[in-house]
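Here's the structure, in structure tokens; my notes come after.
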Amino acid sequence: MQFFQSPKGLPHIADDAAVGGMQGLMEPWARAIRARGGEIGLGWKPVEIVVEHGRVWGAVAVDRANLVREVRAPVVISTYPVWENFELIDARRFPADFVAAAERLREFRADLIGWHAGLRRLPVVRATGKPDDHPGWNRFLLGSEGARRYAGGYHIPSLTSRRAAPEGRHLLSWVMARFFDGGTTSGQPWTAARAHLDVAVDYLRRYYADLDDCIEWSAYQYV
């Protein structure tokens with residue numbers, strides 16, 4: 001868990017998994033925050049958004065040793081799923097219809113599974129014999145013809161921004177959101193999720209002529 005504290009003292013609470021999975025997106029913001037005198041505190045778990053006399057004055061967090069840190073600020077911005085904020089601040093402080101809507105949203109949350117690979121070079125598209133140069137999103141469809149369904153997708157973010165990978169390297173990212181559809185879990189254990197990812201990776205090996213030769217490292221993701 002992170003605290004982002006701006007030079008004006010406005011703490012922002014973010015989730016580790018979300019930040020880790022989107023590091024390529026977050027890092028430019030982190031550099032901008034630090035360049036302007038802001039502080040990023042890693043490893044802190046928010047436990048309360050403090051309200052006194054009807055106004056927020058800051059937030060309280062603990063580290064892995066449960067040592068306390070208080071951050072004072074007139075505004076606190078939380079990127080938690082809205083229903084989880086009620087663990088940090090009493091739900092009775094919000095309008096009843098807002099709380100009810102937040103609880104309804106809980107039924108539509110999702111897991112995210114993914115596979116990411118650091119590439120020594122851009123892989124060659126088997127059909128064209130040329131290195132992939134498509135900067136956009138590629139949908140992955142699964143199933144027989146006429147009954148195919150969306151099953152995730154992939155892109156090469158380093159084709160959009162060279163800051164997404166080290167100089168001379170590239171990043172390939174495959175992700176899929178698995179919606180809970182009103183249940184308490186997404187209904188798929190990790191072994192089944194990994195099997196789905198492996199199907200996608202096998203497809204990438206067929207789509208590209210030299211993917212394995214390009215891979216410097218790879219890792220699964222489960223959020």
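The values are calculated or read from the model by the stated rules, or taken from the named source; none is laboratory data. Everything quoted here is computed from the prediction, not taken from an experiment. All Cβ positions, glycine included, derive from the backbone under ideal geometry; neighbour counts span all protein chains shown. Accessible surface is based on the protein model in full, side chains and every heavy atom, while ligands, DNA and RNA are left aside. Shrake-Rupley method; radii C 1.70, N 1.55, O 1.52, S 1.80 Å.
Summary of values
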quantity: Cβ-Cβ FRET estimate between ALA177 and ALA65, R0 fixed at 25 Å, reported to 0.05; calculated: 0.15
quantity: Gain in span if fully extended, GLU216 to ALA147, counting 0.36 nm per residue against the direct Cα distance; calculated: 21.3 nm
quantity: Theoretical gain in end-to-end length, ARG92 to LYS45 [0.36 nm per residue, Cα-Cα removed]; calculated: 14.7 nm
quantity: Residues in the stretch 74-108 reached by a label modelled at HIS53 [backbone nitrogen below 19 Å; 7 Å Cα→Cβ]; calculated: 74-76
quantity: Segment TYR80-ARG106, length gained on full extension (0.36 nm per residue, minus Cα span); calculated: 8.2 nm
quantity: Cα lying deepest toward the dipole's positive end in the stretch 89-223, options ALA96, VAL124, PHE140, charges on Cβ; calculated: ALA96
quantity: Solvent exposure, largest accessible area first (probe 1.4 Å, DNA, RNA and ligands not counted), of ARG178, ARG31, ARG69, ARG104; calculated: ARG104, ARG31, ARG69, ARG178
quantity: For TYR222, solvent-accessible area (1.4 Å; no DNA, RNA or ligand), Å²; calculated: 110
